[in-house]
Amino acid sequence: MANIELRTMGDEDWGEVAALIYDSTNAWYVSRGRPPIFTGAKDGPTLFCAVYEQLDPGCCVLAEDRDARRLAGSCFYHPRSTHVSLGIMNVHPEYFGQGIASRLLRYITELADRDAKPMRLVSSALNLDSYSLYSRAGFVPRLIYHDMTIKVPDNGLDQRMPESARVRQATQHDLTAMSQLEWEVNHIRRENDLRHFVENSDGIWHVSVIEGKAGGLDGFLVSVAHPASNMLGPGVMRTEEDAAALILAELNHNRGRQPVWLVPAQCPQLVHQMYDWGAVNCELHFAQARGDWLAPQGIVMPTFMPETG
(Lines give C-alpha, C1' and ligand atoms only; values in the text may rest on other atoms or scores of the structure.)
Protein backbone atom coordinates (compact mmCIF):
# COMPACT_ATOMS: atom_id res chain seq x y z
CA MET A 1 0.00 0.00 0.00
CA ALA A 2 1.11 3.54 -0.72
CA ASN A 3 2.33 5.79 2.10
CA ILE A 4 -0.63 8.20 2.12
CA GLU A 5 -0.73 11.39 4.18
CA LEU A 6 -3.67 13.81 4.39
CA ARG A 7 -2.94 17.54 4.28
CA THR A 8 -4.54 20.85 3.31
CA MET A 9 -4.23 22.15 -0.26
CA GLY A 10 -1.92 25.11 -0.83
CA ASP A 11 -1.72 27.53 -3.75
CA GLU A 12 1.24 25.58 -5.11
CA ASP A 13 -1.00 22.49 -5.47
CA TRP A 14 -3.59 24.01 -7.80
CA GLY A 15 -2.05 22.71 -11.03
CA GLU A 16 -1.74 19.15 -9.76
CA VAL A 17 -5.24 19.21 -8.23
CA ALA A 18 -6.68 20.46 -11.54
CA ALA A 19 -4.95 17.63 -13.42
CA LEU A 20 -6.21 15.14 -10.83
CA ILE A 21 -9.81 16.32 -11.25
CA TYR A 22 -9.43 16.19 -15.03
CA ASP A 23 -7.88 12.70 -15.17
CA SER A 24 -10.00 11.10 -12.46
CA THR A 25 -13.35 12.35 -13.77
CA ASN A 26 -12.61 11.53 -17.38
CA ALA A 27 -11.24 8.07 -16.54
CA TRP A 28 -14.43 7.14 -14.71
CA TYR A 29 -16.74 8.24 -17.54
CA VAL A 30 -14.62 6.76 -20.33
CA SER A 31 -14.36 3.42 -18.49
CA ARG A 32 -18.16 3.25 -18.67
CA GLY A 33 -18.34 3.97 -22.38
CA ARG A 34 -19.24 7.64 -22.03
CA PRO A 35 -17.44 10.68 -23.43
CA PRO A 36 -15.01 12.58 -21.18
CA ILE A 37 -16.46 15.44 -19.15
CA PHE A 38 -13.41 17.69 -19.42
CA THR A 39 -11.82 18.58 -22.74
CA GLY A 40 -9.10 21.04 -23.65
CA ALA A 41 -6.25 22.05 -21.35
CA LYS A 42 -5.79 20.16 -18.10
CA ASP A 43 -5.58 23.40 -16.14
CA GLY A 44 -9.27 24.13 -16.79
CA PRO A 45 -10.38 22.60 -13.46
CA THR A 46 -8.24 25.13 -11.56
CA LEU A 47 -11.61 26.93 -11.59
CA PHE A 48 -12.65 24.64 -8.73
CA CYS A 49 -9.58 25.57 -6.70
CA ALA A 50 -10.07 29.27 -7.33
CA VAL A 51 -13.78 29.40 -6.50
CA TYR A 52 -13.59 27.17 -3.45
CA GLU A 53 -10.58 29.01 -2.03
CA GLN A 54 -12.35 32.35 -2.43
CA LEU A 55 -15.37 31.01 -0.57
CA ASP A 56 -13.72 28.69 1.96
CA PRO A 57 -9.94 29.14 2.23
CA GLY A 58 -8.12 26.04 3.42
CA CYS A 59 -11.09 23.71 2.91
CA CYS A 60 -9.65 21.22 0.48
CA VAL A 61 -8.03 18.08 1.88
CA LEU A 62 -5.45 16.22 -0.20
CA ALA A 63 -4.25 12.63 -0.01
CA GLU A 64 -0.57 12.64 -0.94
CA ASP A 65 1.57 9.61 -1.70
CA ARG A 66 4.66 10.64 0.27
CA ASP A 67 6.95 8.09 -1.37
CA ALA A 68 5.97 8.91 -4.96
CA ARG A 69 5.53 12.66 -4.18
CA ARG A 70 2.23 12.81 -6.03
CA LEU A 71 -1.44 13.39 -5.21
CA ALA A 72 -3.62 10.32 -4.87
CA GLY A 73 -6.85 12.18 -4.12
CA SER A 74 -8.55 15.43 -3.21
CA CYS A 75 -11.84 16.60 -1.74
CA PHE A 76 -13.30 20.07 -1.23
CA TYR A 77 -15.72 20.83 1.58
CA HIS A 78 -17.74 23.89 2.55
CA PRO A 79 -18.51 24.75 6.18
CA ARG A 80 -21.75 26.72 6.40
CA SER A 81 -23.54 28.11 9.43
CA THR A 82 -26.28 25.48 8.99
CA HIS A 83 -24.37 22.49 7.60
CA VAL A 84 -21.22 21.20 5.93
CA SER A 85 -21.42 20.64 2.19
CA LEU A 86 -19.23 18.01 0.55
CA GLY A 87 -17.67 19.26 -2.67
CA ILE A 88 -16.05 17.50 -5.59
CA MET A 89 -14.02 14.41 -4.61
CA ASN A 90 -11.49 12.74 -6.88
CA VAL A 91 -9.07 9.83 -6.65
CA HIS A 92 -6.33 9.33 -9.22
CA PRO A 93 -7.05 6.26 -11.41
CA GLU A 94 -3.82 4.60 -10.28
CA TYR A 95 -5.10 4.69 -6.67
CA PHE A 96 -8.63 3.40 -7.27
CA GLY A 97 -9.67 0.74 -4.75
CA GLN A 98 -7.08 1.65 -2.11
CA GLY A 99 -9.40 3.35 0.38
CA ILE A 100 -8.36 6.90 -0.50
CA ALA A 101 -11.92 8.18 -0.87
CA SER A 102 -12.91 6.64 2.47
CA ARG A 103 -10.07 8.45 4.25
CA LEU A 104 -10.91 11.77 2.64
CA LEU A 105 -14.59 11.41 3.50
CA ARG A 106 -13.87 10.34 7.08
CA TYR A 107 -11.68 13.43 7.57
CA ILE A 108 -14.61 15.68 6.64
CA THR A 109 -17.37 13.76 8.45
CA GLU A 110 -15.30 13.92 11.64
CA LEU A 111 -14.98 17.68 11.18
CA ALA A 112 -18.75 17.99 10.75
CA ASP A 113 -19.38 15.78 13.78
CA ARG A 114 -17.08 17.92 15.95
CA ASP A 115 -19.17 20.95 14.98
CA ALA A 116 -22.43 18.98 15.39
CA LYS A 117 -23.52 19.89 11.86
CA PRO A 118 -25.41 17.84 9.27
CA MET A 119 -23.83 17.24 5.88
CA ARG A 120 -25.14 17.51 2.33
CA LEU A 121 -23.88 16.43 -1.06
CA VAL A 122 -24.97 15.85 -4.65
CA SER A 123 -23.73 12.62 -6.24
CA SER A 124 -24.16 10.77 -9.52
CA ALA A 125 -26.76 8.01 -9.48
CA LEU A 126 -24.60 6.21 -12.05
CA ASN A 127 -21.57 5.90 -9.77
CA LEU A 128 -22.51 3.04 -7.46
CA ASP A 129 -19.04 2.99 -5.90
CA SER A 130 -19.47 6.53 -4.57
CA TYR A 131 -23.09 5.81 -3.68
CA SER A 132 -21.98 2.89 -1.52
CA LEU A 133 -19.21 5.01 0.01
CA TYR A 134 -21.64 7.74 1.05
CA SER A 135 -24.31 5.30 2.22
CA ARG A 136 -21.84 3.51 4.49
CA ALA A 137 -20.87 6.88 5.95
CA GLY A 138 -24.49 7.60 6.90
CA PHE A 139 -25.73 9.65 3.94
CA VAL A 140 -29.35 9.11 2.91
CA PRO A 141 -30.69 9.92 -0.60
CA ARG A 142 -33.45 12.50 -0.22
CA LEU A 143 -34.14 13.86 -3.71
CA ILE A 144 -33.63 12.62 -7.27
CA TYR A 145 -32.64 15.01 -10.03
CA HIS A 146 -32.79 14.89 -13.82
CA ASP A 147 -29.55 16.24 -15.27
CA MET A 148 -30.82 18.08 -18.35
CA THR A 149 -29.02 19.83 -21.19
CA ILE A 150 -29.83 21.74 -24.35
CA LYS A 151 -27.85 23.52 -27.04
CA VAL A 152 -29.12 27.08 -26.72
CA PRO A 153 -29.42 28.74 -30.15
CA ASP A 154 -27.26 31.79 -30.79
CA ASN A 155 -30.41 33.93 -30.74
CA GLY A 156 -31.80 32.23 -27.64
CA LEU A 157 -34.82 30.04 -27.04
CA ASP A 158 -38.00 31.36 -28.65
CA GLN A 159 -40.19 30.66 -25.64
CA ARG A 160 -42.53 32.76 -23.53
CA MET A 161 -43.46 32.15 -19.90
CA PRO A 162 -46.28 33.93 -18.06
CA GLU A 163 -44.00 34.67 -15.09
CA SER A 164 -41.11 36.04 -17.17
CA ALA A 165 -42.26 39.63 -16.69
CA ARG A 166 -41.22 39.37 -13.03
CA VAL A 167 -37.67 38.12 -13.81
CA ARG A 168 -34.70 40.49 -13.73
CA GLN A 169 -30.97 40.44 -13.02
CA ALA A 170 -30.04 40.28 -9.35
CA THR A 171 -28.30 43.16 -7.57
CA GLN A 172 -26.55 43.42 -4.21
CA HIS A 173 -29.75 44.89 -2.81
CA ASP A 174 -31.34 41.44 -3.29
CA LEU A 175 -28.86 39.53 -1.12
CA THR A 176 -30.83 39.65 2.13
CA ALA A 177 -34.02 38.55 0.41
CA MET A 178 -32.18 35.78 -1.47
CA SER A 179 -30.69 34.43 1.74
CA GLN A 180 -34.03 34.53 3.52
CA LEU A 181 -35.74 32.79 0.62
CA GLU A 182 -33.18 29.97 0.62
CA TRP A 183 -33.75 29.57 4.35
CA GLU A 184 -37.51 29.36 3.89
CA VAL A 185 -37.37 26.97 0.93
CA ASN A 186 -34.29 24.84 1.60
CA HIS A 187 -33.60 25.43 5.33
CA ILE A 188 -29.94 26.39 4.81
CA ARG A 189 -27.91 29.59 4.85
CA ARG A 190 -24.87 30.49 2.75
CA GLU A 191 -24.82 34.27 2.47
CA ASN A 192 -21.18 34.44 1.36
CA ASP A 193 -21.86 32.21 -1.63
CA LEU A 194 -24.76 34.35 -2.78
CA ARG A 195 -22.71 37.54 -2.41
CA HIS A 196 -19.91 35.99 -4.46
CA PHE A 197 -22.28 35.09 -7.29
CA VAL A 198 -23.94 38.51 -7.43
CA GLU A 199 -20.70 40.51 -7.16
CA ASN A 200 -19.22 38.33 -9.95
CA SER A 201 -15.63 39.46 -9.54
CA ASP A 202 -14.54 36.53 -11.75
CA GLY A 203 -16.80 37.55 -14.62
CA ILE A 204 -18.25 34.04 -14.96
CA TRP A 205 -21.42 34.21 -12.85
CA HIS A 206 -24.90 35.51 -13.59
CA VAL A 207 -27.91 35.65 -11.27
CA SER A 208 -31.57 36.17 -12.08
CA VAL A 209 -34.32 36.77 -9.53
CA ILE A 210 -38.08 36.63 -9.81
CA GLU A 211 -39.94 39.27 -7.88
CA GLY A 212 -42.74 38.19 -5.60
CA LYS A 213 -46.30 39.10 -6.49
CA ALA A 214 -46.75 40.42 -2.97
CA GLY A 215 -43.25 41.85 -2.58
CA GLY A 216 -39.90 40.26 -1.84
CA LEU A 217 -38.57 37.45 -4.04
CA ASP A 218 -40.13 34.21 -5.19
CA GLY A 219 -36.92 32.72 -6.56
CA PHE A 220 -33.37 33.10 -7.78
CA LEU A 221 -31.13 31.13 -10.12
CA VAL A 222 -27.37 31.33 -10.67
CA SER A 223 -25.40 30.22 -13.73
CA VAL A 224 -21.68 29.81 -14.40
CA ALA A 225 -20.09 30.04 -17.84
CA HIS A 226 -16.49 28.78 -17.93
CA PRO A 227 -14.67 26.19 -20.10
CA ALA A 228 -14.57 23.84 -17.08
CA SER A 229 -18.17 24.36 -15.97
CA ASN A 230 -21.29 25.62 -17.72
CA MET A 231 -24.25 25.00 -15.42
CA LEU A 232 -27.40 26.57 -14.11
CA GLY A 233 -27.64 26.54 -10.33
CA PRO A 234 -27.77 26.86 -7.47
CA GLY A 235 -31.30 28.17 -7.25
CA VAL A 236 -34.45 28.08 -5.16
CA MET A 237 -38.00 28.92 -6.20
CA ARG A 238 -41.42 28.81 -4.61
CA THR A 239 -43.26 27.21 -7.56
CA GLU A 240 -42.60 25.26 -10.73
CA GLU A 241 -43.81 28.25 -12.76
CA ASP A 242 -41.21 30.46 -11.05
CA ALA A 243 -38.54 27.86 -11.76
CA ALA A 244 -39.42 27.63 -15.47
CA ALA A 245 -39.24 31.41 -15.89
CA LEU A 246 -35.85 31.59 -14.19
CA ILE A 247 -34.45 28.63 -16.15
CA LEU A 248 -35.53 30.27 -19.40
CA ALA A 249 -33.85 33.54 -18.40
CA GLU A 250 -30.55 31.84 -17.54
CA LEU A 251 -30.60 29.62 -20.63
CA ASN A 252 -31.02 32.71 -22.77
CA HIS A 253 -28.15 34.34 -20.90
CA ASN A 254 -26.10 31.36 -22.10
CA ARG A 255 -26.88 31.76 -25.79
CA GLY A 256 -24.72 29.61 -28.04
CA ARG A 257 -23.66 27.36 -25.15
CA GLN A 258 -24.87 23.98 -23.90
CA PRO A 259 -25.37 24.26 -20.15
CA VAL A 260 -26.46 21.49 -17.77
CA TRP A 261 -28.96 21.93 -14.97
CA LEU A 262 -30.66 19.73 -12.37
CA VAL A 263 -34.46 19.48 -12.22
CA PRO A 264 -36.21 17.73 -9.31
CA ALA A 265 -37.79 14.49 -10.50
CA GLN A 266 -40.77 15.12 -8.23
CA CYS A 267 -41.72 18.17 -10.34
CA PRO A 268 -43.23 16.51 -13.45
CA GLN A 269 -44.73 19.74 -14.79
CA LEU A 270 -41.33 21.40 -14.77
CA VAL A 271 -39.59 18.34 -16.21
CA HIS A 272 -42.00 18.14 -19.14
CA GLN A 273 -41.67 21.88 -19.73
CA MET A 274 -37.96 21.29 -20.22
CA TYR A 275 -38.67 18.45 -22.66
CA ASP A 276 -41.02 20.73 -24.61
CA TRP A 277 -38.13 23.19 -25.05
CA GLY A 278 -35.93 20.41 -26.44
CA ALA A 279 -33.91 19.50 -23.34
CA VAL A 280 -32.67 15.92 -22.94
CA ASN A 281 -31.51 13.86 -19.99
CA CYS A 282 -27.76 13.35 -19.68
CA GLU A 283 -27.47 11.82 -16.18
CA LEU A 284 -29.24 11.43 -12.82
CA HIS A 285 -28.11 12.73 -9.44
CA PHE A 286 -29.11 12.21 -5.82
CA ALA A 287 -29.19 14.92 -3.20
CA GLN A 288 -28.06 13.16 -0.03
CA ALA A 289 -27.96 14.23 3.60
CA ARG A 290 -26.19 12.94 6.68
CA GLY A 291 -27.95 14.01 9.87
CA ASP A 292 -30.86 16.41 10.15
CA TRP A 293 -32.74 17.20 6.95
CA LEU A 294 -36.04 18.91 6.19
CA ALA A 295 -37.91 18.54 2.91
CA PRO A 296 -37.83 21.67 0.75
CA GLN A 297 -40.83 23.95 0.81
CA GLY A 298 -40.53 24.68 -2.91
CA ILE A 299 -38.07 23.96 -5.71
CA VAL A 300 -34.35 23.45 -5.11
CA MET A 301 -31.86 23.31 -7.98
CA PRO A 302 -28.39 22.28 -6.77
CA THR A 303 -25.18 22.41 -8.76
CA PHE A 304 -21.70 20.89 -8.65
CA MET A 305 -19.83 24.08 -7.80
CA PRO A 306 -20.13 24.92 -5.00
CA GLU A 307 -22.19 21.93 -4.00
CA THR A 308 -25.11 22.02 -1.63
CA GLY A 309 -27.85 19.40 -1.90
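The values are calculated or read from the model by the stated rules, or taken from the named source; none is laboratory data. Predicted, not measured: the structure shown is a model, and the values here were computed from it. For neighbour counting, all protein chains shown are included, and Cβ atoms are generated from backbone atoms with ideal geometry for every residue, glycine included.
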**Request:** Could you tell me whether K151 is surrounded by 14 or more Cβ atoms within 10 Å (Cβ to Cβ) and either basic (K, R) or closer than 20 Å to F304 by Cβ (or both)?
**Result:** no
**Prompt:** Does the range 70-91 include one or more residues that are in contact (Cβ under 8 Å) with a residue 12 or more places away in the chain, among the basic types (K, R) and under 17 Å from P45 (Cβ atoms)?
**Reply:** yes
**Request:** Check K117, K151 and return the single one that is touching a strand residue (DSSP E or B) at 6+ places or on another chain (Cβ under 7 Å) and in a loop (DSSP other than H, G, I, E, B).
**Result:** K117
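From the list S74, S24, which one is among the hydroxyl-bearing types (S, T, Y), buried (at least 19 other Cβ atoms within 10 Å of the Cβ) and assigned to a helix (DSSP H, G or I)? Lay out the reasoning, then the answer.
Working: S74 fails: assigned to a helix (DSSP H, G or I).
Only one candidate passes the filter, namely S24.
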**Prompt:** Which one of A249, A214, A228, A245 is at pLDDT below 95 and either touching a strand residue (DSSP E or B) at 6+ places or on another chain (Cβ under 7 Å) or surrounded by 21 or more Cβ atoms within 10 Å (Cβ to Cβ) (or both)?
**Reply:** A228
**Asked** Mind checking whether some residue in the range 155-172 is part of a strand (DSSP E or B), β-branched (V, I, T), more than 25 Å from C60 (Cβ to Cβ) and at pLDDT 95 or above?
**Response** yes
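Considering G235, G219, G256, which residue is more than 19 Å from the chain's Cα centre (by Cα), of a type outside the set (S, T, N, Q) and either at pLDDT 95 or above or not in a strand (DSSP E or B) (or both)? I'd like the intermediate steps shown before the answer.
Details: G235 fails: more than 19 Å from the chain's Cα centre (by Cα); G219 fails: more than 19 Å from the chain's Cα centre (by Cα).
After ruling out the rest, the residue left standing is G256.
Can you tell me which of I37, I88 is at pLDDT below 95, of a type in the set (A, V, I, L, M), within 20 Å of the chain's Cα centre (by Cα) and assigned to a loop (DSSP other than H, G, I, E, B)? Spell out how you get there, then give the answer.
Values: I88 fails: assigned to a loop (DSSP other than H, G, I, E, B).
From the options I37, I88, the qualifying one is I37.
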**Fill in**
Going through the range 195-208 in order, the residues found to be within 30 Å of W293 (Cβ to Cβ) and without any contact (Cβ under 8 Å) to a residue 24 or more places away in the chain are R195, W205
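Looking only at the range 196-209, decide whether some residue is touching a Lys or Arg at 6+ places or on another chain (Cβ under 6 Å), surrounded by 22 or more Cβ atoms within 10 Å (Cβ to Cβ), outside any loop (DSSP other than H, G, I, E, B) and not charged (D, E, K, R). Spell out the reasoning first.
Of all residues in the range 196-209, those touching a Lys or Arg at 6+ places or on another chain (Cβ under 6 Å) come to none.
Within the range 196-209 (the criterion being touching a Lys or Arg at 6+ places or on another chain (Cβ under 6 Å), surrounded by 22 or more Cβ atoms within 10 Å (Cβ to Cβ), outside any loop (DSSP other than H, G, I, E, B) and not charged (D, E, K, R)), the answer is no, since none of the residues qualifies.
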**Item:** Where A245 falls short, out of the listed (1) touching a helix residue (DSSP H, G or I) at 6+ places or on another chain (Cβ under 8 Å); (2) closer than 22 Å to I188 by Cα
**Value:** (2)
**Asked** Identify, please: which residue in the range 95-115 is free of Cβ contacts under 8 Å to residues at least 12 places away in the same chain and among the charged types (D, E, K, R) and is, among those, surrounded by the most Cβ atoms within 10 Å (Cβ to Cβ)?
**Response** D113
**Prompt:** D292: of a type outside the set (G, A, S), surrounded by fewer than 18 Cβ atoms within 10 Å (Cβ to Cβ) and not in a helix (DSSP H, G or I), yes or no?
**Reply:** yes
